[in-house]
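The values are calculated or read from the model by the stated rules, or taken from the named source; none is laboratory data. For clarity, every value in this text was computed on a predicted model and none was experimentally measured. Glycine gets a Cβ as well: all are built from the backbone with ideal geometry, and neighbour counts include every protein chain shown. Heads up: the accessible areas ignore ligands, DNA and RNA and are worked out on the full protein's heavy atoms, side chains in. Shrake-Rupley method; radii C 1.70, N 1.55, O 1.52, S 1.80 Å.
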Amino acid sequence: MTKKKNKLLSDQRFIVLLVIAALIIIYMIFSPEFRQYSSILSMLDFSYYDVLMAIGVTFPLITAGVDLSIGTGMVCYALLAGSLIRNQHVPVGVAMLVCVLLGCIVGMVNGLLIAVMNLPPFLATLCTCMITRGIGSMSSAVPWPTTQQDGGWFHSIFKLTFGTGRSALKIPIGFILVVALVILMEFVLNHTKFGRYTIAIGSNKEAVILSGINVKFYHVMAYVICGLFAGLAAIAYAAVVPTVQPGTGAGLELDAIGGVFVGGVSATGGYGSVLGTLAGVFVIVLLKTGLPYVGLQANWQQIITGAVLIAAVLIDVIKRRRAAKAQ
Amino acid sequence: MGECILKMEDIDKSFPGVHALDHVHFDVNKGEVHALMGENGAGKSTLMKVLTGIYTKDSGSINFEGREVEFHNTREAQDAGIVIVHQELNMVGDLTVAQNIFIGREFMKGFKIDDKKMIEESNRLFAELKIEIDPKAKMKDLTVGKQQMCEIAKAISHDAKLIIFDEPSAALTEKEIEDLFVIIRDLRAKNLGIVYISHRMDEIKVITDRVTVMRDGGYVGTLITKDCTKEDIINMMVGRVIYEEPKTKSQVAPDAPVVLKVEHLNAGRMVKDVSFELRKGEILGFSGLMGAGRTETARALFGADPKTSGDIYVNGEKVTINSPQDAVKYGIGYLSEDRKRYGIVVQKSITENSTLAALENYMSGIFINKSAEKKVTNQYIKELATKTPNADQLVVNLSGGNQQKVVIAKWLVRNCDILIFDEPTRGIDVGAKNEIYKLMNRLAAEGKSIIMISSEMTEILRMSDRIVIMCEGEKTGEIDIAEATQELIMDKATRNIE
């Protein structure tokens, strides 16, 4: 029984990997542009903030909750920290720390509203989504220091550049960094108390309470971790966009959340993996940044992404129905 | 028999609409198995939940190991050495057996949970209990019996001084019950206090030292097991409450037509080739152990769960029922065992609940005809003697018995002639139970046909004209009430189990 199931699960992750491979092959066949190294680099550049948001939001989703505030939150943190750099001449390192800190605070607010005040996660984070969007709009558009400027070193966290001009060699070390974080959080999910209780809360919260565990603390923590990663995503976002525009960010969380579901997190909580999330987000990223290479317009990206998401959630639902039948 | 380990005195507890515990006394000695008995709703589980801090008592005192205690949650009770093996299993299905046993007190290696050690410890516990369970299996993949064994292992691993077994045998096979008794005797020999809650008279005689009986939330008395007979205990349990006269023979006319015929019904793994007939004016009892597939049969018949195969005939005509909507169309109403989840909308009024299933009959154009709605609701409030100030009362404010009447009204308003009652008196106090029984008998006399699923043997024997017995998804017997005895039913209900 268990063995069979493991096989099924690995099958689902396998499907996601196949989809990624298929997309890449299709793009390579139909678009000579896509075959260039620079295209892959730029695609990776624009994937980091999605992946980081998705790692974070995996945790609330496993508790059978959600966090809608990460998209607008990310932009808000990047704007506030960016203004600090420009107006207060704060060092970039401190600004990065501010991003992470703001993320944790908003995450904690979400967690307290949900776990302590018992607001439905959808509603609570919809409110903080609006609030962060509003706060973000108060600031003006800020460009973070570019690579050429003084203090632009933070770009090199994501991409090392050797040499200059056309022959410059660029290495996407951001990808390695992101993968390392994924592995770290996969470990946290499976081998720490926090991770285990996150799964347990999503599976049977009542039983966790009756086991005498401080459920509220761990439930809040799931949102704090989510906020923390939204803060990290803010740094990655500031590093790739020319200027961070106020009032934007709404909708970006949906790409991340969609990716998590494609990666196999159960739509009703209780099961998930961060590795799956990584794979799932890359499907979304490939659809988002790759389709234009084969001549499909923005509206098609949305439609296809939606269809892929339906397929992924259906797999989860069918799997569960089969498991229920088998019992 | 050792010294007193637990003394509960004058415990009182009320919930909205129910006086759950009325100045109850209970005490347990070291090295003793003390049975706590009473019908469903007598207050046994509530008393134990007060003890372990799940509920807070309104008044009274709890003395544990010579100290006055008041626990605020199960963790505090656990730390003091009181552990409860719950009737409803409290397990996290998506975690493994070992992870469940040690939840809340995981072995750590720095930040990392030491899963290896937890698996080793689980194996050690299972060896001690002489049971074979894979600690790495997901909890939801185990049978109910195995899950229960894990609960017991978890309780024992807590270094408990007092273990409460809340109807542990309800879902166990004969073999598993024997294993359980070996474990309990072992624990008694180690001088632990044990509370054993059960309905099964034979088990009480075999395993317990003393018996305390509760009735309607009140304390009735305590007896020494070996000095009393089964009848003594039953008399204490039932008391002077006058029940509807038990049926000695079927009340169904010999020429009554068959209104519902189910042939070779299969659905999932819990319903295997079930066939039966229901006649006009009949109460057909469905008996069996927990997990016998009775509710699953009813849900498949009602279209709430998908069927794999099988034919259904209503009034001799073959019908297709793929959804509750279809079932209702053919006049079948289903009263769920879990009223609050499936039966009623608690935050709405009696009127809104009563007409919920038949709203199309109370419309004027696109608007709901409020006065017609009110009229029919008041009619059924009167007819079913529902106790409420008026039809606008929110259902959440009614007692369990009156809530059940609202559900019955809902199906009567819809003109259902076939009613499936799933545990009709669960969570209803004894006085109100009798009213529900009377009502069911009256409905049957008026020509409604009733399928009654019940886990209470007394209820089955009191109400049914005919009894269908199920075990592990199969129909294992069908007995006319004239020939039915508790022993015969139990025998058939455990037929398939080793």
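How long are the three semi-axes of the equivalent ellipsoid of the stretch B:258-493, in whole Å, if each is the root of 5 times an eigenvalue of the C-alpha gyration tensor, listed from largest down?
30, 21, 15
Rounded to the nearest whole Å², what accessible area per residue is found for the stretch B:4-238 with the 1.4 Å probe?
40
Taking beta carbons within 10 Å but only from partner chains, what does the mean come to for residues B:74-81?
2
Residues with amide H under 5 Å of B:Gly293's amide H, sequence separation 5 or more or different chain, H placed in the peptide plane at 1.01 Å from N; which?
Correct list: B:Gly473.
Report Rg (one decimal) and Dmax (nearest whole number) for chain B, counting Cα atoms only, units Å.
That works out to 24.2, 76 Å for Rg and Dmax.
Roughly what would the spin-label model give for B:Ser61 and A:Leu18, points 7 Å off Cα along C-beta, in nm?
Simple spin-label model gives 7.1 nm for this pair.
Hey, what do the phi angles of the stretch B:323-333 turn into as Karplus ³J(HN,Hα) couplings, whole Hz, using 6.51/-1.76/1.60 and θ = phi - 60°, x for Gly and Pro?
8, x, 4, 4, 4, 5, 4, 8, x, 9, x
When only DSSP loop residues count, what trypsin sites (Lys or Arg not before Pro) in the stretch B:126-168 have their Cβ near at most 11 other Cβ atoms within 10 Å?
Passing sites in the stretch B:126-168 are B:Lys130.
Stokes-Einstein diffusion coefficient for the stretch A:262-327 at 25 °C in a medium of 0.890 mPa s, Rh from the Kirkwood formula over Cα pairs: what value in µm²/s? Spell out each step's value before the answer.
On the way: Rh = 13.1 Å.
Stokes-Einstein gives a translational diffusion coefficient of 188 µm²/s.
List the relative contact order of the stretch B:146-222 as a percent without decimals, with contacts defined as Cα pairs under 8 Å and 6+ residues apart.
Relative contact order for the stretch B:146-222 comes out at 29 percent.
Hey, with R₀ at 35 Å, roughly what FRET efficiency would A:Asn118 and A:Ile26 work out to, going by the Cβ-Cβ distance, to 0.05?
Working from the Cβ atoms, E equals 0.15.
Can you send over the solvent-accessible area of A:Phe217, 1.4 Å probe, protein chains only, in Å² to the nearest 10?
110
Cα extents of the stretch B:60-131 along the three principal axes, largest first, in whole Å?
Here the Cα extents, ordered largest to smallest, are 44, 31, 24 Å.
Provide the per residue accessible area, probe 1.4 Å, for the stretch B:262-343, rounded to a whole number of square angstrom.
Numbers: 3650 Å² over 82 residues.
Accessible area per residue: 45 Å².
Residues of chain A: accessible area per residue at 1.4 Å, in Å²? Don't skip to the end; give the middle numbers.
Details: 14710 Å² over 327 residues.
Per-residue accessible area for chain A comes out at 45 Å².
³J(HN,Hα) across the stretch A:182-195 via Karplus (A = 6.51, B = -1.76, C = 1.60, θ = phi - 60°), whole Hz, x for Gly/Pro?
With the stated coefficients, the stretch A:182-195 comes to 4, 5, 4, 6, 4, 5, 4, 5, 9, 10, 10, 4, 4, x Hz.
Relative contact order for chain B using alpha-carbon pairs under 8 Å, separation at least 6, rounded to a whole percent?
Relative CO of chain B lands at 16 percent.
For the stretch B:4-238, give the magnitude of the charge dipole about the Cα centre (Cβ charges: +1 Lys/Arg, -1 Asp/Glu; no others), in debye to the nearest 20.
In total the dipole reaches around 580 debye.
Let me cross-check A:Trp153: its accessible surface, 1.4 Å probe, with only protein heavy atoms counted, in Å² to the nearest 10?
The accessible area comes out at roughly 130 Å².
Using a 1.4 angstrom probe with every protein chain in place, what is the largest-first accessible-area order of B:Tyr362, A:Tyr293?
I get A:Tyr293, B:Tyr362, largest accessible area first.
At a Förster distance of 30 Å, what's the computed FRET efficiency of B:Ala253 paired with B:Lys438, Cβ-Cβ distance as r, to 0.05?
The pair B:Ala253/B:Lys438 has a calculated efficiency of 0.90.
Please report the orientation-averaged projected area of the stretch B:1-79, defined via the convex hull of its C-alpha atoms, in nm². Numbers along the way, then the final one.
Numbers: hull surface 21.7 nm².
Average of the hull's projected areas for the stretch B:1-79 equals 5.4 nm².
List every residue whose amide H lies under 5 Å from the amide H of B:Thr476, counting only residues 5 or more places away in sequence or on a different chain, with H placed 1.01 Å from N in the peptide plane.
So B:Thr476 has HN proximity to B:Ile469, B:Met470, B:Cys471.
Hey, could you get me the Stokes-Einstein D for the stretch B:4-238, Kirkwood radius over alpha-carbon pairs, 10 °C and 1.306 mPa s, rounded to whole µm² s⁻¹? Intermediate values should be presented prior to the final figure.
Values: Rh = 18.4 Å.
Estimated diffusion coefficient is 87 µm²/s.
So if I place +1 on the C-beta of Lys and Arg and -1 on the C-beta of Asp and Glu, and nothing else carries charge, what would the dipole magnitude of the stretch B:1-124 be about its Cα centre? I want it in debye, nearest 20.
Roughly 480 debye for the stretch B:1-124.
In whole percent, how big is the carbon plus sulfur part of the accessible area of chain B, probe 1.4 Å, protein atoms only?
Summing carbon and sulfur atoms, their accessible area is 49 percent of the total for chain B.
Using 5 Å bins from zero, what percent of all Cα-Cα pairs in the stretch A:33-249 falls into each bin?
Histogramming the stretch A:33-249 at 5 Å steps yields 1, 7, 14, 18, 17, 14, 12, 8, 5, 2, 1, 0, 0 percent.
How big is D, in µm² s⁻¹, for the stretch B:11-132 by Stokes-Einstein at 4 °C and 1.567 mPa s if Rh is the Kirkwood radius over C-alpha pairs?
The Stokes-Einstein estimate is 76 µm²/s.
On a 1.4 Å probe surface of the protein chains, which of B:Ser157, B:Ser449 comes out largest in accessible area, and what is the full order?
These residues rank, largest area first, as B:Ser157, B:Ser449.
Using amide H atoms built in the peptide plane, which far-off residues or other-chain residues are under 5 Å from B:Gly333 H to H?
Under 5 Å from the amide H of B:Gly333: B:Ile418, B:Leu419, B:Ile420.
At a cut-off of 30 Å², which residues of the stretch B:124-162 become less accessible once all protein chains are present than in their chain alone, using a 1.4 Å probe?
Residues shielded by partner chains are B:Lys138, B:Lys140, B:Asp141.
Over the whole of A:202-210, what's the average partner chain Cβ count within 10 Å per residue? Rounded to a whole number, please. It would help to have the intermediate numbers written out before the result.
Working: counts 2, 7, 10, 1, 3, 11, 5, 5, 10.
Counting Cβ atoms of other protein chains within 10 Å of each residue's Cβ and averaging gives 6.
Report ³J(HN,Hα) in whole Hz for each residue of the stretch B:150-162, in order, from the Karplus equation J = 6.51 cos²θ - 1.76 cosθ + 1.60 where θ = phi - 60°; Gly and Pro get x.
Couplings: 5, 4, 5, 4, 4, 4, 5, 5, 7, 6, 6, 9, 9 Hz.
Need the list of lysines near B:Lys433 for cross-linking: C-alpha distance under 22 angstrom, and skip anything on the same chain fewer than eight residues off.
Filter leaves B:Lys13, B:Lys44, B:Lys247, B:Lys249, B:Lys340, B:Lys382, B:Lys387, B:Lys405, B:Lys410, B:Lys448.
Farthest toward the dipole's positive end in the protein assembly as shown, which of B:His158, A:Thr289, B:Val407, given Cβ charges of +1 (Lys, Arg) and -1 (Asp, Glu) about the Cα centre?
The Cα lying farthest towards the positive end belongs to A:Thr289.
Loop-only GluC sites (Glu not before Pro) in the stretch B:84-193, please: DSSP not H, G, I, E or B, and at most 13 other Cβ atoms within 10 Å.
Taking the stretch B:84-193 and a limit of 13 other Cβ atoms within 10 Å, the loop GluC sites (Glu not before Pro) found are B:Glu88, B:Glu132.
About its Cα centre, how strong a charge dipole does the stretch B:258-493 have in debye, to the nearest 20, once Lys and Arg get +1 and Asp and Glu get -1 at the Cβ?
Approximately 900 debye in magnitude.
Taking the Cα atoms of the stretch A:155-311, what is the range of coordinates along each of the three principal axes, in descending order and whole Å?
Between the extreme Cα coordinates on each principal axis of the stretch A:155-311 lie 62, 36, 29 Å.
How compact and how long is the stretch B:337-448, expressed as Rg and Dmax of its alpha-carbon atoms in Å?
Over the stretch B:337-448's Cα set, Rg and Dmax evaluate to 13.5, 44 Å.
What area, in nm² and to one decimal, does the C-alpha convex hull of the stretch A:92-159 cast on average over all directions?
5.9
If you take the accessible area of B alone plus A alone and subtract the pair, what total do you get in square angstrom, rounded to 100, with a 1.4 Å probe?
2300
Across all directions of projection, what mean area in square nanometres is found for the Cα convex hull of the protein assembly as shown?
If I average the Cα hull's projected area over directions, I get 41.0 nm².
Can you list the GluC sites (Glu not before Pro) in the stretch B:421-488 that are in a DSSP coil and have 14 or fewer other beta carbons within 10 angstrom?
Passing both the DSSP loop test and the Cβ count: B:Glu446.
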